[in-house]
Each structure stands twice: as structure tokens, then as C-alpha cells.
Amino acid sequence: MRIGVECGGTFTDLVVLDDDGVLRATDKVFSTPASPDKAVTAGLTGLSPELREKAVLLHGSTVATNALIERKGARVGLIVTRGFRDVLELQRQDRTSMYDLSYRKPEPLVPRARVAEVSERLDHSGAVLEPLDEDSVRRALSTLVESGVDAVAVSLLHSYAAPVHERRVAEIAAAEFPDLVVSLSSDCAREFREYERTTTTTIDAFLRPRISRYLSDLEGSARELGVSELHVMQSNGGMVPARAAGSAPLSMLRSGPAAGVAGAIAVAENAGIGGIVTMDMGGTSTDVAVVHDGKPELTTEVVADGLPVRVPMVDITAVGAGGGSLVAIDSGGLLTVGPRSAGADPGPVCYGRGGTRPTVTDANVVRGLLRPETFLGGRHTLHTEAARDSLRPLADRLGRSVEQLAEDVFRLAGVAMAGAIRVTTTERGHDVESYTLVAYGGAGPLHAASVAEDLGMGRVIIPPHAGLASAYGLLTAGFRREFAFTRLTDLDALPPEGLAPALDNLRATAEEHLREQSIPWHDATFAFSADMRYRGQGFEMPVDLPRAGATTAEEFAEAFHRAHARRYGHAESERAVQIVTVRLTVTRPRPALVLPKVDTDPSLPVTVQPVIEGGVAVDATFRSRRGLAVGTKQPGPAVLEDGTSTTFVPTGWTAHVDEHTNLVLERS
């Protein structure tokens, strides 16, 4: 038995598949942001014992992201090379708001008072210019421990080229202070760029005690309920054992959203579709990603709470437009949606859990798209009049009716989501109209057709049990880990053997890591790539190395020119090319699973009720999604309901059910 549990901002979703891939159970419970494991335990407790017994639990969560945003982690100290104490304070000269006179740089996780220097120095090639002064290390550690730190980050100059000094610092720390958590930059981000590497290491140290404790507690609770194993989704879209995730908390920063992308990829592959854009609209935000030929775009340039993180992640663009996004009027008198959210506690006004400020969900209730008697399969009622009352003061201020304001909110949320999709497609040289939109999450199917209409996209796919797609995605993901180190060199300076020795060393490092984590690799695939750039450029882009060390410098250059032209529309074939960072991705086959289908029953009743569309009331067909047999077509306006999400088919669109029981929405 395999159980997928994904913790979102508002709901925690659960899916159970047996060993034959048959869907055995689903559930959707309110998240518990203060203690995320409580919602997971509640969902597991609601299952019958035979479904839990010896089951494998696959988990995705935003716990790492929330801990960083809320700054609820360890008290961290930092050890740096003498003369580099201010690396976290200096940061970079770029700023997110160019003309904001009140702009302030992001607050580092480690204040200057908890940064200690040690005497040592390497050059850019890793050669020792000044040996490590071990007495200075002991003094630094003692000073930081006396200041009350729980964890220490170590980021020494040029340690990406040779980690020998950092590892010796860790050995001394283990001998002198065995309970102290130590994070090394050569383990977290073995890449150049001092500020980014140092910040990444401080985040690792900040998160590791909390994430390790969270996973340990969750694993213990799950075992008490009969679960045999716990695996965790990483930000790169791969699954690893809990013990591996606990020792690398950075890998969990986008754990939940990455699970949804994995599920969308499985749905698209099953339907024979290559290029897709995923749209995961939950209670707090909407996450968007682009997938080419079954592979999501990855990035190593991520900013979390204003701080750069140098670890590979699925390239997800998030926008603060979810079902719980708060509706307000700004100081200029304009209607706004998000980015703040009502979350799970108290949630939208219509949930009756203490919320008083209107949200996108409240607007959809007023429009008639969400019905109290069918919401979440009838397990949770909605308070329509309370939702209407929450919107009325805003409507009066803007001179709109409550119904008109509700549609304004719906459209404004759609504009935000369409903008996020344009960022990931059009602004990167992709023709958005050539993609299929795969929409899921509790609120995604409700807005998908309108967003597609705005973008000129002609087809939308809503998978079965769309509100649980991220939880199901956990079950479809295979093992994946990345390894990297900086090797800055011009292509024309490569030796005759090329990169073969460096790639062999990187593979040996990966195999040693897998062996330490007791992860088998006999069936693993080792894929190499390199971050490359034109000489003089400040940033680089990834290029696959199809034949690893056997590839010549000329073939490297040709591959980079092609990738640059594909991404930016041009290439400079006469310009010198550099290799910056070499990467290795280790993957294992994902489990063979049968995608769940909707258990259809065409005899279910069909009703007609008014909804607000175009600012006026129109009659719409309401049907249970289970009532749509394979091949059925349903023109809009229509509302198709199931126990996890609601799909809105606008006028001018038609929904039909394909052989996999996906809902396919197309413009009429």
C-alpha cells in the first residue's frame, strides 16, 4: 500500500493506492500550520487499519518554506575566512524595487555579532595559501556556542574547489561540541559566488534542526499507526527517504508544489501530451511550471524570503492568488486580490471558522459556482450569506453590486495567474498557445478555462480527483538527487581528456553519498550537465552533456550555442565559451502505477441553477463529475462537481471526458 500526503496552506490531501494501483481511499482535511504533522496524523488516523498496515508513506510539505518565511528555525552562527565577516551584510547591489526609497535589503539569518572568523586561505583552484589555524577554529566555535547558537554554518573562501579546511572545522566541532549542528558550504552548495553559497549554507543550518525533528516526529507517529516507511518529496521533483531529507532540508523548500508537477507530468504522459503548463491553485497561492517532453524546467537560482538559495529545484513561479487570498481596496481605491491569505485558520468567511475578511472563495460562493450542499462532497457546509455580507462593504465603496464585485474578484485572480504563466512561457521565448494547460488543486479547475482564454490557449485538462493531484503526484515520483561543483574553465583550455576525470570524481562522490544513505543505485541513471556561458557573461545556463567525458570542446560549444539560441533567440558562435559548474543528476525508475480514474455513474441527477457570468445571472448546468461517462460532452456554462474540486466551463467552452476520465476543456 502507498499513501501520498501533501500539506498545503489550507488543506492537507491524502491518497491511498494499493499494490495494483487501485485507488483505495482519499481524504481532505484542514491543515494545521502551527504543527503540520497533526494534519498528517489526522488524515492517517481516518484510514482503516488495513490500509495503513505496512504502508509506505510519501510526503510533501511546505514546512521548510514556512519555517524560513516565519523565521522560526535554529539560532545560527557563521564561521568564515578572516576578512570576510561582512559577506552576508554586503549582499548584492541588485534590488527588487528600483525606485522604492524605503527599500531595505533582506535581513540575513545570521547577524554580524554571530559571525566568527578563522585564519586560513585557499586560492580559486583549491591550493592552500595559508594553512588552517585550528586554534582559531576552537576559539570561533567557543565564542559562538557561548552566544547560544544551536547550529553553525561554515563557509570558507574557495571551499568549493577544495573542501579540506571546512571538513577539518567539522571534525573539530564534532570533537569539542558533539551536539552542535554543523552545515558546510562544500556540502550544501559546492559552487562559486561567495554570497549565494554562504546564504545557502546559513539556511541549511537554520532549517536542519527543525526539519529533522519534524520528520523524526512524523515518522514515529506514522509507525505507531502501522506505516513502515516514510519518504519525502524534494524540490527537484524526486523522492528520497526521510533520513536523507532530514540531513538536507534545503531540498524540501518546494516539496509540495513539486509533487503537483510530478502528478501533472504523469497525467500528460498518459494522455500522450508533451508540452504542458501546470496550474496548481490551492488555498494560499497558485504555482505555475512548464514541462517539455515529460521533464520540468529546473533552476538553481531561487530566492526564498529575499535570500538566494543555490540548490536545484523545479522552476515554479508562485503568485499570491489562491482560494483564500484576501480581497481588499488599496490606498488608491483599487480592488486587490492577495498576496495575503486567510490560510487554513481562520480561512474564508464562508467556511464558518472565524474568518471575517472576504476571499476569492467567498466571491465564488456568491457567484453560485460553489454550492453549500456539494462542497467537499457534502462533508463541509458553506455559509453563503456570510460570504455575501463580507463582500458588501467593498461593493458599496466601489459602486458595484455584490455579484458584480464577486466577478471582478474572479477576473482579477485570473489576471494574476495568467501573468505568472506569461513569465514562465512568453517571457522565456515559448509560444504559450502551443501548450496545454493542466489545472489542479482545490481551486484550479474553477479558474482554468478563464485563464486559458486570456492567454489564447485552446485546451485545458483537469485530471481525476484534481483537488488531490499533488498528493497523487507523490506516488508517481521516482528517486532523484543532484550533485555539483564549480569548475570554471574556458573550453579551449580543456585538456585532451576533456572533463572525464572531473565527471568520474563527481560520480564517485555521488555513489559514496548513496552508499552512506543506504540507497541502491544498481538501476540508477547518471546524467551529466554543465552550466555554461560566453566569456564575460555574469550568468550561465545549463547544457546537457550527452556523451559525458567523451564530448570534445567543439561539441560542448555547439551544444551551448544551440541552447542559448533556443532560450534567448540568438547565439554568438565566434565567441569563447566557458564551463562554470559541472552537475550530475542521479535518478531511479519511478514506480509503475495505474493512474486513478473517476468511477462514473451516468444516472446521477442533473440540475440547472443560475450563476454569475459577465456580471449577470445565467442558467448553468450542474452535474457531478461522476455523472459524466467517457465520451460525454458538456457545453458551457456548466459547473462540474466532485469531492475535491469544482470545474467551471464558461460559455463558449465545451468539456468532454477522455478515455482516462480526464476532463478536457476546449473552446467551442
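No lab work stands behind these numbers, since they all come straight from the coordinates. Keep in mind that what you see is a predicted model, and the values were worked out from it rather than measured. Neighbour counts run over all protein chains shown; Cβ positions are idealised from the backbone, glycine included.
Results, tabulated for the structure shown:
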| item | result |
| --- | --- |
| Placed amide H near residue 663: partners under 5 Å, 5+ positions off or other chain | 462 |
| Whole-Hz couplings from phi, Karplus 6.51/-1.76/1.60, listed for segment 264-280; x for Gly and Pro | 5, 4, 4, 5, 5, 4, 5, 8, x, 10, x, x, 9, 10, 8, 9, 10 |
| Expected-Rg normalisation [2.2 N^0.38 Å, Cα atoms] applied to segment 1-159 | 1.55 |
| Nearest-20 debye value, segment 358-461 charge dipole, Cβ charges on Lys, Arg, Asp, Glu | 160 debye |
| Per-residue HN-Hα couplings for segment 199-204 [Karplus 6.51, -1.76, 1.60; θ = phi - 60°; Hz; x = Gly/Pro] | 4, 4, 5, 5, 5, 4 |
| Farthest positive-ward along segment 561-609 dipole, Cα basis, beta-carbon charges - from 605, 573, 593 | 573 |
| Between segment 19-93 and segment 453-473, the Cα center-to-center distance that results, in Å | 25 Å |
| Most to least packed among 9-18, 199-208, 176-185, 309-318 [average Cβ atoms within 10 Å] | 199-208, 9-18, 309-318, 176-185 |
| Sparsely packed chymotrypsin sites (Phe, Trp or Tyr not before Pro) within segment 26-109, loop by DSSP, other Cβ within 10 Å at most 13 | 99, 103 |
| Full-stretch length increase - residue 168, residue 102 - with 0.36 nm per residue and alpha-carbon distance subtracted | 19.5 nm |
| C-alpha center-to-center spacing [segment 177-194, segment 274-341] in angstrom | 29 Å |
| Reported label for calculated Rg/Rh (Cα atoms, Kirkwood Rh) given (1) 1.10; (2) 1.04; (3) 0.98 | (3) |
| Under 5 Å, built H, 5+ apart or other chain: amide partners of residue 9 | 283, 284 |
| Label point 7 Å beyond Cα of residue 179 along Cβ direction - residues of segment 71-89 with amide nitrogen under 17 Å | 74-77 |
| DSSP bridge pairs, the chain: antiparallel proportion in percent, nearest 5 | 70 percent |
| Cα lying deepest toward the dipole's positive end in the chain, options 542, 368, 496, charges on Cβ | 368 |
| Relative packing of peptides 56-64, 396-404, 466-474 - highest average C-beta neighbours within 10 Å first | 466-474, 56-64, 396-404 |
| Charged-residue dipole, Cβ positions (Lys, Arg, Asp, Glu), the chain about Cα centre, Debye nearest 20 | 940 debye |
| Listed residues 151, 88, 45: farthest to the positive end of the dipole of segment 10-154 (Cβ charges) | 88 |
| Rounded tilt (10° steps) of 553-568 against the dominant C-alpha axis of the chain | 30 degrees |
| Amide H contacts of residue 642 (H built 1.01 Å from N, under 5 Å, at least 5 apart or other chain) | 625, 647 |
| Extension gain from residue 373 to residue 656, taking 0.36 nm per residue of separation minus the Cα-Cα distance | 99.4 nm |
| Folded to 0 to 90 degrees: helix 384-398 orientation relative to the chain principal axis, Cα | 80 degrees |
| Additional length obtainable on full extension of the chain from residue 534 to residue 328, 0.36 nm per residue less Cα span | 69.5 nm |
| Net charge dipole size for segment 238-326 [Lys, Arg +1 and Asp, Glu -1 on Cβ; Debye, nearest 20] | 260 debye |
| Computed [θ] at 222 nm, deg cm²/dmol, the chain (DSSP H ≥ 4; -39,500 (n - 2.57); rounded to nearest 500) | -9500 deg cm²/dmol |
| HN-Hα J in Hz across segment 284-298 - Karplus 6.51, -1.76, 1.60, θ = phi - 60°, x for Gly and Pro | 10, 8, 10, 10, 10, 9, 10, 10, 10, 6, x, 10, x, 5, 10 |
| Given 38/295; 28/295; 28/633; 72/105, the pairs whose alpha carbons are separated by over 26 Å | 38/295; 28/295; 28/633 |
| Filtered GluC sites (Glu not before Pro), segment 567-668: DSSP coil and at most 12 other beta carbons within 10 Å | 572, 574, 659 |
| Rounded if a/c under 1.5, otherwise prolate or oblate - segment 79-179, Cα gyration tensor axes | oblate |
| Over segment 247-321, equivalent-ellipsoid semi-axes from the Cα gyration tensor in Å | 22, 14, 11 |
| Using alpha-carbon coordinates, inclination of helix 36-45 to the longest axis of the chain, degrees | 60 degrees |
